[in-house]
Structures are given as C-alpha cells and as structure tokens.
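K.L.:
The structure under discussion is supplied below as structure tokens; questions concerning it will follow.
The values are calculated or read from the model by the stated rules, or taken from the named source; none is laboratory data. Because the structure is a prediction, the values reported are computed rather than measured. FYI the Cβ positions are ideal-geometry reconstructions off the backbone, even for glycines, and counts take in every protein chain you see. For accessibility, only protein heavy atoms count, side chains too; no ligands or nucleic acids. Shrake-Rupley method; radii C 1.70, N 1.55, O 1.52, S 1.80 Å.
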Amino acid sequence: MKMEVKHYSLLASILNQLLDAICVVDEHGRVIYVSAGCERVFGYTQAEMIGREMISLVAPEDRERTLAEAINVMSGRPWVGFENRYIHKNGHLVDIMWSAMWSETERVRIAVARDVTVRKRAQSMQAAMYAIAQLVIEADDLPALYRQTHQIIGQLLPATAFTVAIRPSQDAKLVFPYPPALANQHAAAMGLSLMFDQILASGEPLLLNDAAQLSCASPHADGRRLSSWLGVPLNAGRGPFGVLALGSYEGSVSYEAPDLELLQFVSGQIASAIEYKTLQEQLKRMALYDELTQLPNRVLLAERIGNAIARAEREHHPFSLLFLDLNGFKAINDCFGHAAGDGLLQEVARRLCAGVRQMDMVARLSGDEFVVLLDNANGTIAQAVADKLVTQINAPAQVGSHTIRVAASVGLSCYPADGLTEQQLLSCADLRMYTAKRLMKQTSADEALEAQRFSQHN
C-alpha cells in the first residue's frame, strides 16, 4: 500500500466532527480509510468498513453506473455531485451525493459522502405525484397504467415484487391484474391472501420484516424468498377497493416505517388514477361491446373491417365476412320467454367464438344478427367455416330448463371480389344471407307439401 493511513490523520481529526463521511478507496475498490461520519451515513463503524469493497454497499440497481463513474474519476475527471443509493446497515436505502477525486501518486480515490435522503425523497415524491397525474392522460389502458405505476414507484422505493390487487365489488374475491402472471388469479397464488384481506378489512397499511411470516409467498425466479413486504389500501374516498404491495427479496433492502408512509402518501393518487381509468375503460367497453353477449358491436366491427381493408391493400391478401341470422328467433322468445331468448343468444355467441380462430372477430349487430370477420381467408375457406358454424349453431342448446333447437342462415362476402368498402361487403353478405334464408323456407315448404301429398295419396 503506497499511502499510509497517517497521511490522513490530521484531516480526519477535523472532518470526523462533520456529518459527511470521508472515504479513501484503493484502485481495486477496497476501503482503506473512512472517517467516523461513516457510521452516521452508512450505519457501519470504521472497523466494519475497512477492507470492504465499496461497491458491495451500493444498491444493486445503481452498481453499473457507479462503476462507470468510478472509472471516469480514475481517468482524472473530478466527481462532483454524483448521486447514488447505498444499503444502510439496517437494511434501508440512503441517497448519497459524492464529491471525489483521484490521486495518481497514491493510486486512491478520495471522496466525501453526504446523506441527501431527505431532500431526494421530497424531490422524488413531487416527481412521482406529477408522473402519476400524467398517467391518467397518457396510459393507454389499465395494464399500461399498472406497468408505468410500477416504474414510478420503483424510483421511490425498491419494488422488485410489485402487486396490485383489486376487489371489483364489495362481495367479490380479489383479483390480481398486475403483474400479468397473476392476472385474475386468487390471492392464494401468491401465498399472501391473509395480508391482503387484512389490509382491505382494516383499511390500514401493513409492514412485515419477518421472514417466517413471508415464507408462504412464492420465491423469486432465482430462488430467493421475500424478506420484507409492505402493503397499503387503495382508497379513492369511498372505502378501500384494492391493495398496492411491494416486496423485497433476501439480500436486498428492508422496508421501514418511512417507506410505508411514503407509499401510503402516493397511494391516494394512484387509487384515483385506477378508478378514473377503470371508469374510462367501462365507458369505452359500453360504447364498443354488446352488453348481453360481450361481443364487439357494430361500431367496433366497422373499425376492424376498416383496418382489415387497409391491411389487405398493403399485404395483398383477401379476407371474408360471414353474416348470420337465426331463423324463427321471435317464435323462441314467444314460446320460452325473453330470458330464454337472451340465454340462447349468449350460447350462440359462445359457439361462434369457439368455432373461429383467435385472429378472427365475432360481432353482434342487433337482435339475432351476427357477423364474423375472417382474417386472411378466401371464399373457399370462408365457406368451410360457415358450414361448420351453422352445424354448431343448429345443435340443440340447453338454456335453463329448456332444450332449444335453432337453425341459422349465413351469407358470405369476400374482399376484394364482393366489395371494396365496409358497406359493400356487409350488404353483399346480408343479401346472400337472406337468399339462403328464402331457399331454406322454400325447401321447408316444399318438404311439407310433399309430406302432405304423400299422406293424402296413402
């Protein structure tokens, strides 16, 4: 070691009285001297820090850029105002602002560390509140809102495990829309159902740093278990409707009361953003989907057909429309009641969706009329699909206590052979459907007449 500790003793005796910490690190990144202020800043005594690799104390998320800055300092550029986060001996994060220089003669970095956690937290909270407010405008949908909220919270607190749990109604079970892997799964999938239920029932936040209490939770992909967890209720003013929770795994930071207070502070705005975006999506769904069958309606169908036309023009491949109508549906309503008729429409919608590909679209126009958009399908393919769907619809349906038989008529049109616009394609398919319906009626009438003649003859 080229430089003895005594070279710093006079300076250290003065600076030990300051709140800042003086650190001397050799070219390999090991601490060879720290002032007494290190205990106030990092929580470790001088003896505990001497000989340690300084980078081992840095928050994992900040290590890469910290090493990059250290290389810059060692190349001769002073390090003034650089900020990163360290893991305090107690487990929480502290924000540090550094001033540093490199001594080429002694081959060491000499740095002053100042704890700026309070200032950084105030700045981060202000930035987070603004960012969350912007999410209401900028997020495309609820999944995007949850994903971007995770990113914002991650700037405030370690949020490796970030979970949003929502109770859709007072008597409903919790669903987990975020992260996607937990979407619509029961709380037991996480093994933390009791904690979520406790927060919702009490309306109070919860902080756990007991590994035994968290042992039921699913481990990280690398096998580490949760070691710290906090959750806060999502409450926009009418009582809690969900929970926002963060988790930290073994070897990372531990949450403390100030972290819980911070999360609770921003949770109100997050709750308002979730409620607003939820209402927005509900209104959008009401405008674009049929309430009874939950199928896309005429408005969304028109949009999808327009997109299909534009894509077909670019990629030069056809698509087809099937226009389906249920024969004698009014008689079913009259005979079995409107509730049974509604149930039959829902069953037909289910059969149609089950009979097409995920890339295709089934829409309900009105009453007993349905349209199927078959992507990248020519007339031959469309006719085969139409025959299959008619067979499926014609099968008896059990609706409540009634067994109902219904027949369907279908007409098809293909782009570009039968039209270049949405209206042309729908009109063509509609006309062919009514032609098929008339033929079916005529066939049924002819069969009935033939049966009558046969009966009279015998």
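K.L.:
What is the sum of charges around residue 91, taking Lys and Arg as +1, Asp and Glu as -1, for the other residues whose C-beta is under 12 Å from the C-beta of residue 91? List each step's numbers first, then the result.
P.N.:
Details: positive: 89; negative: 250, 256, 259.
Residues near residue 91 contribute -2 overall.
K.L.:
Per-residue accessible area for residue 202 at 1.4 Å probe radius, Å² rounded to 10?
P.N.:
Around 60 Å² of this residue is reachable by solvent.
K.L.:
Same structure again: Starting from the residue with the highest accessible area, list 115, 222 in decreasing order, probe 1.4 Å. Kindly include the intermediate steps, with their values, before the conclusion.
P.N.:
Details: 115 70, 222 95 Å².
Correct descending sequence by accessible area is 222, 115.
K.L.:
Now for a separate question. Return the whole-Å distance between the Cα centroid of the stretch 96-164 and the Cα centroid of the stretch 281-313.
P.N.:
With the stretch 96-164 and the stretch 281-313 each reduced to a Cα centre, they are spaced 40 Å.
K.L.:
Rounded to the nearest whole Å², what accessible area per residue is found for the chain with the 1.4 Å probe?
P.N.:
That works out to 52 Å² for each residue.
K.L.:
Oh, and also: For the chain, give the percent of accessible area contributed by carbon and sulfur heavy atoms, probe 1.4 Å, rounded to a whole number. Walk me through the numbers before you get to the answer.
P.N.:
On the way: 12940 of 23600 Å².
Accessible surface attributable to carbon and sulfur in the chain totals 55 percent.
K.L.:
Another question, then. Using θ = phi - 60° and the Karplus relation 6.51 cos²θ - 1.76 cosθ + 1.60, list the HN-Hα couplings for the stretch 163-168 in order, rounded to whole Hz, with x at every Gly or Pro.
P.N.:
So the J values, rounded to whole Hz, are 9, 10, 10, 10, 9, x.
K.L.:
For the chain, what does the helix formula give at 222 nm: sum of -39500 (n - 2.57) over DSSP H segments with n ≥ 4, over the residue count, nearest 500 deg cm²/dmol? All intermediate terms of the calculation are to be shown ahead of the outcome.
P.N.:
Working: 13 runs with 203 residues, N = 458.
So the helix-based figure for the chain works out to -14500 deg cm²/dmol.
K.L.:
Using a 7 Å offset from the Cα along the Cα-to-Cβ direction at both residue 398 and residue 80, what is the distance between the two label points in nm, to one decimal?
P.N.:
Each label point is offset 7 Å from its Cα along the Cβ direction, giving 8.1 nm.
K.L.:
If one computes P(r) from the Cα atoms of the stretch 270-363, what percent of pairs lie at distances over 19 Å?
P.N.:
On the way: 2534 of 4371 pairs.
Cα-Cα pairs of the stretch 270-363 separated by over 19 Å account for 58 percent.
K.L.:
Let me ask you something else. Go through 84, 201, 158 and say which Cα lies farthest out towards the positive end of the charge dipole of the stretch 79-222; charges sit on Cβ, +1 for Lys and Arg, -1 for Asp and Glu.
P.N.:
84
K.L.:
Given the convex hull over the Cα atoms of the chain, what projected area results after averaging over all orientations, in nm²? Could the numbers behind the result be given before it?
P.N.:
Details: hull surface 130.7 nm².
Mean orientational projected area (the chain, Cα hull): 32.7 nm².
K.L.:
Still on this structure, please answer the following. So which trypsin sites (Lys or Arg not before Pro) in the stretch 293-387 are both in a DSSP loop and have at most 16 other Cβ atoms within 10 Å of their Cβ? Please list the in-between numbers first.
P.N.:
Numbers: sites: 298, 304, 311, 314, 330, 350, 351, 357, 364; in loops: 357.
Answer by residue number: 357.
K.L.:
Top to bottom by accessible area (1.4 Å), largest first, where do 83, 261 land?
P.N.:
Values: 83 45, 261 120 Å².
Putting 83, 261 in descending order of accessible area: 261, 83.
K.L.:
Could you work out the relative contact order of the chain? I mean the mean sequence separation of Cα pairs under 8 Å and 6+ apart, divided by the number of residues, in percent.
P.N.:
Averaging sequence separation for qualifying contacts and normalising by length gives 9 percent for the chain.
K.L.:
Quick one: grab the alpha carbon gyration tensor of the stretch 254-410, order the square roots of its eigenvalues as a ≥ b ≥ c, and give me rounded if a/c is under 1.5, else prolate or oblate depending on whether a/b is larger than b/c. Kindly include the intermediate steps, with their values, before the conclusion.
P.N.:
Numbers: a/c = 2.88, a/b = 1.59, b/c = 1.81.
Cα axes put the stretch 254-410 in the oblate bin.
K.L.:
In addition: So how strong a dipole does the chain carry about its Cα centre when Lys and Arg Cβ are +1 and Asp and Glu Cβ are -1, to the nearest 20 debye?
P.N.:
On the way: 41 positive and 50 negative charges, 21 e Å.
In total the dipole reaches around 100 debye.
K.L.:
Using 0.36 nm per residue of separation minus the Cα-Cα distance, give me the extension gain between residue 210 and residue 63 in nm, one decimal. Walk me through the numbers on the way to the answer.
P.N.:
Numbers: separation 147, 0.36 × 147 = 52.92 nm, distance 2.72 nm.
Taking 0.36 nm per residue and subtracting the Cα distance, the gain is 50.2 nm.
K.L.:
Under unit Cβ charges (Lys, Arg +1; Asp, Glu -1), what dipole magnitude, rounded to 20 debye, does the stretch 170-314 have relative to its Cα centre? Show your work: numbers first, answer last.
P.N.:
Numbers: 11 positive and 15 negative charges, 142 e Å.
With only Lys, Arg, Asp and Glu charged at Cβ, the dipole is about 680 debye.
K.L.:
Continuing with this model, one more query. What does the C-alpha gyration tensor say about the overall shape of the stretch 46-99? Classify as rounded when a/c is under 1.5, otherwise prolate if a/b is larger than b/c, or oblate.
P.N.:
On the way: a/c = 1.91, a/b = 1.49, b/c = 1.28.
Note, shape of the stretch 46-99 comes out prolate.
K.L.:
Okay, moving on. Sort 317, 28 from largest to smallest accessible area, using a 1.4 Å probe on the heavy atoms of the protein chains.
P.N.:
Working: 317 35, 28 140 Å².
The ordering from most to least exposed comes out as 28, 317.
K.L.:
Rolling a 1.4 angstrom probe over the protein chains, ignoring ligands and nucleic acids, what is the accessible area of residue 305 in square angstrom, nearest 10?
P.N.:
0 Å²
K.L.:
Placing +1 on the Cβ of each Lys and Arg and -1 on the Cβ of each Asp and Glu in the stretch 65-151, which of 68, 129, 99 has its Cα farthest towards the positive end of the resulting dipole?
P.N.:
Of the listed residues, the answer is 99.
K.L.:
For helix 257-288, report the angle its Cα long axis makes with the longest principal axis of the Cα atoms of the chain; keep it between 0 and 90° and round to the nearest 10°.
P.N.:
Roughly 20 degrees between the two axes.
K.L.:
Something else now. Just the Cα atoms of the stretch 96-171, one point each, no solvent: what log10 I(q)/I(0) does Debye give at q = 0.26 Å⁻¹?
P.N.:
Evaluating at q = 0.26 Å⁻¹ gives log10 I(q)/I(0) of -1.18.
K.L.:
Let me ask something else. Please give the charge dipole size of the stretch 319-359, origin at the Cα centre, charges +1 on K and R Cβ atoms and -1 on D and E Cβ atoms. Round to the nearest 20 debye. If you can, show how the numbers build up before the last one.
P.N.:
Details: 4 positive and 4 negative charges, 42 e Å.
It works out to roughly 200 debye.
K.L.:
Taking the Cβ-Cβ separation of residue 380 and residue 346 as r and a Förster radius of 51 Å, what is the calculated FRET efficiency to the nearest 0.05? Write down the numbers at each step before the final one.
P.N.:
Details: r = 31 Å, r/R0 = 0.60.
It comes to 0.95.
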